[in-house]
Amino acid sequence: MTVPAKLILLRILLIPVFLALFFSGLQIYALAVFALAAITDLFDGIIARARGQMTDFVKIMDPLADKLLICSALIALVSAGAVAAWLAILIVARDFIITGLRLMAAGKGAVLGAVITGKANTAFQMFLIMAILVGVPDIIVTILVYIVVILTVISTAENLMKMRSRGLL
């Protein structure tokens, strides 16, 4: 198993740890675990590209691990009243759409990696979640929410266009 694959699995394993800490009221520790999980997302890609280990497993599981982490955190934040439900629904719906598109592509023998706006979207979603956990001022959270919404819409459209251009839609 490659280092990028191990980092992806670590990110997935950190999700229940984050949730346990969050729901126990240990926000600073939850933030630390979430930040660690977010950092694994950065390094798995860097290492995979540097070592030529961008395997199908990495291409498929990396975005899925991101979705699991972000959706879990958003749902936890909604339950705590820290995030509006509409935002979580928008992001989760987009993630289901993209996952469905990837499954369709896989059914046709193609592996769709992440698009650049999708990577930016993931980064801003993680940054938004950490900003909320830290307790930054509402104006900063609002700006991050607008950025995330815009990137969510653009990355969804970009994924759809990518599939269509490859004859997968």
Ellipsoid equivalent to region 55-169 - semi-axes via the Cα gyration tensor, in Å: 28, 14, 12
Folded to 0 to 90 degrees: helix 27-50 orientation relative to the chain principal axis, Cα: 20 degrees
Heavy atoms of Arg102 accessible to a 1.4 Å probe, total area in Å² rounded to 10: 40 Å²
List Lys162, Lys108, ordered by accessible area with a 1.4 Å probe, largest first: Lys108, Lys162
P(r), alpha carbons of region 1-94 - 10 Å bins starting at zero, rounded %: 17, 43, 30, 10, 0
Alpha-carbon Rg with Dmax, taken over region 53-109, Å: 13.5, 42
Using alpha-carbon coordinates, inclination of helix 138-165 to the longest axis of the chain, degrees: 10 degrees
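Of the accessible area of region 1-88, with the probe set at 1.4 angstrom, what percent is carbon plus sulfur?
Roughly 73 percent of what the probe reaches on region 1-88 is carbon or sulfur.
Computed FRET efficiency, Cβ-Cβ of Leu64 and Trp86, R0 30 Å: what is it to the nearest 0.05?
Numbers: r = 24 Å, r/R0 = 0.79.
E between Leu64 and Trp86, to the nearest 0.05, is 0.80.
When the chain is fully extended, how far beyond the present Cα-Cα distance does Gln53 get from Ile147, taking 0.36 nm per residue of separation? Walk me through the numbers on the way to the answer.
On the way: separation 94, 0.36 × 94 = 33.84 nm, distance 3.12 nm.
Roughly 30.7 nm would be gained on extension.
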Principal axis dimensions, largest first and in whole angstrom, of region 4-44 by Cα: 31, 14, 7
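What trypsin sites (Lys or Arg not before Pro) does region 27-72 have in DSSP loop regions with at most 14 other beta carbons within 10 Å?
Those satisfying the criteria are Arg51.
The values are calculated or read from the model by the stated rules, or taken from the named source; none is laboratory data. These figures come from a predicted structure and were not determined experimentally. Counting neighbours? That spans all protein chains shown, and the Cβs are built from the backbone with ideal geometry, glycine included. Protein only, heavy atoms only, side chains kept; ligands, DNA and RNA dropped before computing areas. Shrake-Rupley method; radii C 1.70, N 1.55, O 1.52, S 1.80 Å.
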